[in-house]
Amino acid sequence: MSAVAEPAPEGRPARAPSLLPQWYATRQPLLLAVLVLAIASVPRSSVVLERLVQEEPRYGVLTLLVWGLYALPLLAAILAVDYFEREPAWLIAFAAVWGGLVATGLALTANEAVQSILTTTEGADVAARWGAAIAGPTNEELLKGLGVVVATLLATRRMRSPVDGFILGAVVGLGFQVVEDVVYTANVMAVGQDPAAAISQMFLLRGLMGGLWSHAVYTGLFGLGLGYALTRPGWSLARRAAVVVAGFAAAWSLHFLWNSPLLVDTTDWRLVVVKGLPALLLLLALLQRAQRADSGVFLPALAAVGNPLVATEGEIAALADRRSRARARRAGRSTGGRSGARAVRRLQRAQADLAVALTEGDQVGLARSRESLAQARLALGQLAQHPPVFGTRAGTWSGVLGVLGLFVPLLGVVAVVVAVVGIVRGRRRARGVPGARLSGLLWLGLVLGVVAVAVVFYAAGQSGPPTIG
């Protein structure tokens with residue numbers, strides 16, 4: 001990009017050419033605001049991490065390592081939601097840093113202020129019972145939401161679908177969640193608890209029991225609402241504003257419910273079922289619809305090619321969302337084994353990349369994706385045909401439910417029912433198909449479900465009849 005002096009009005013000297021990149025020049029005020037907020041917040045959040053490592057050199061580093069590794073699969077799951085066009089790495093890094101350092105640092109100060117006000121005005125008991133439910137959702141969701149807006153403004157390309165907004169929101173929330181987990185673990189160590197016990201206790205409570213429906217879900221909902229508002233130019237301004245407010249209201253309400261003593265005030269599986277799972281299920285339902293909107297941006301260009309060697313109508317329909325892609329891979333596995341599933345996965349990836357390249361007019365990406373597509377077609381055509389396998393999906397569900405049944409007794413019974421139904425249906429479908437067999441996952445799920453039920457009955461028998469005394 002060359003710098004050219006702008007022509008000046010008559011009688012005025014020509015303006016000197018700008019040597020700054022256009023991206024920086026157009027976002028300079030925003031970047032300065034980000035710098036000011038970072039200066040005000042990062043020292044507060046980083047000093048907590050520094051004190052942890054100084055006071056507990058061994059377990060402090062272990063705490064950072066445990067929560068850092070914990071974040072990796074969650075980050076991978078978040079990024080996998082955007083199947084077609086991935087966000088730039090620098091933008092993902094910015095979102096994570098904002099959530100982990102900027103929003104956390106500002107929230108530490110803001111939450112302390114709200115707790116102090118509640119203690120002064122309402123008393124210590126009210127502050128202890130309701131302080132986290134009032135301060136956390138209000139301060140933290142505002143600060144994390146601000147990070148999503150800033151990341152959107154800094155992006156070098158506009159949002160194409162609501163999924164883009166979800167990705168930014170979920171990454172901001174995940175960054176906040178991980179650093180908050182470190183802070184809570186440090187606080188437990190600071191009151192004198194054994195460091196190893198503190199790490200394991202916090203990992204169980206905040207990582208396993210609360211991690212899947214925590215800040216990444218809350219801010220992801222706000223990002224999804226923002227994404228709809230920015231990618232629906234045909235909507236009225238009032239409707240677009242309403243969907244942003246609805247996203248924030250959902251994030252605030254679910255966060256408030258989790259922090260409050262309402263409904264369930266215990267830290268056991270009831271907390272997960274009543275307060276945690278509904279938030280995750282709501283997000284997954286909304287994401288299913290958003291992913292179809294995402295595919296609607298790119299798949300028309302692939303359909304316009306009109307070449308069944310590139311993509312048939314059925315293959316294009318299968319690319320629409322995660323479930324349909326998974327069904328296509330299962331069909332490939334049933335006829336071609338694991339190699340069939342891998343070949344279908346490679347074909348889908350090549351077709352998705354081609355759709356993005358066609359939509360954007362990317363000639364380099366177009367050539368690369370066409371080569372990958374040709375190789376995937378060749379591999380798919382050379383597969384040896386395997387006898388079909390029935391019941392894979394039911395077997396997978398029964399296995400998962402069987403494992404969960406060890407913790408929630410009712411799910412063990414459900415696992416047995418799912419496995420039995422899958423076995424009956426699979427045998428019925430396999431009749432008359434030469435070489436057809438049932439998936440081994442069905443038998444695994446059945447065994448796990450029976451074991452879960454047996455463990456529950458054994459524990460009930462060991463407890464004995466109640467006594468009065």
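Restricting 334, 339 to residues that are among the polar types (S, T, N, Q), touching a strand residue (DSSP E or B) at 6+ places or on another chain (Cβ under 9 Å), surrounded by 16 or more Cβ atoms within 10 Å (Cβ to Cβ) and not assigned by TED's automatic domain parsing to the domain that holds residue 86 narrows the list to 334.
Taken together, 132, 127, 110, 96 contain a single residue that is within 30 Å of residue 325 (Cβ to Cβ), in the same structural domain as residue 165 (by TED's automatic domain parsing) and part of a helix (DSSP H, G or I), which is 96. Of the residues examined, residue 399 is not one that is at pLDDT below 80 and farther than 30 Å from residue 350 by Cα. Just one of (1) in the same structural domain as residue 449 (by TED's automatic domain parsing); (2) at pLDDT 80 or above; (3) not in a helix (DSSP H, G or I) fails for residue 309. It is (1). Between 153, 69, the distinction of being assigned by TED's automatic domain parsing to the domain that holds residue 208 and modelled with pLDDT of 90 or more belongs to 69 only.
In this structure, is residue 141 among the charged types (D, E, K, R), within 20 Å of residue 43 (Cα to Cα), at pLDDT 90 or above and assigned by TED's automatic domain parsing to the domain that holds residue 44? Judged against the criteria, residue 141 is not a match. Checked against (1) modelled with pLDDT of 85 or more; (2) surrounded by 16 or more Cβ atoms within 10 Å (Cβ to Cβ), residue 275 passes all but a single condition, namely (1).
For segment 244-266, residues that are among the hydrophobic types (A, V, I, L, M, F, W, C) and over 19 Å from residue 215 (Cβ atoms) total 4.
Residue-by-condition table, conditions (1) part of a helix (DSSP H, G or I); (2) in contact with a Phe, Trp or Tyr (Cβ under 8 Å, 6 or more places away or on another chain); (3) under 30 Å from residue 62 (Cα atoms):
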| site | (1), (2), (3) |
| --- | --- |
| 188 | yes, no, yes |
| 205 | yes, no, yes |
| 227 | yes, yes, no |
| 249 | yes, no, no |
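The values are calculated or read from the model by the stated rules, or taken from the named source; none is laboratory data. In this text the structure is predicted, and so the values were computed from the model without any measurement. Backbone-built Cβ (ideal geometry, glycine too); neighbour counts: all protein chains shown.
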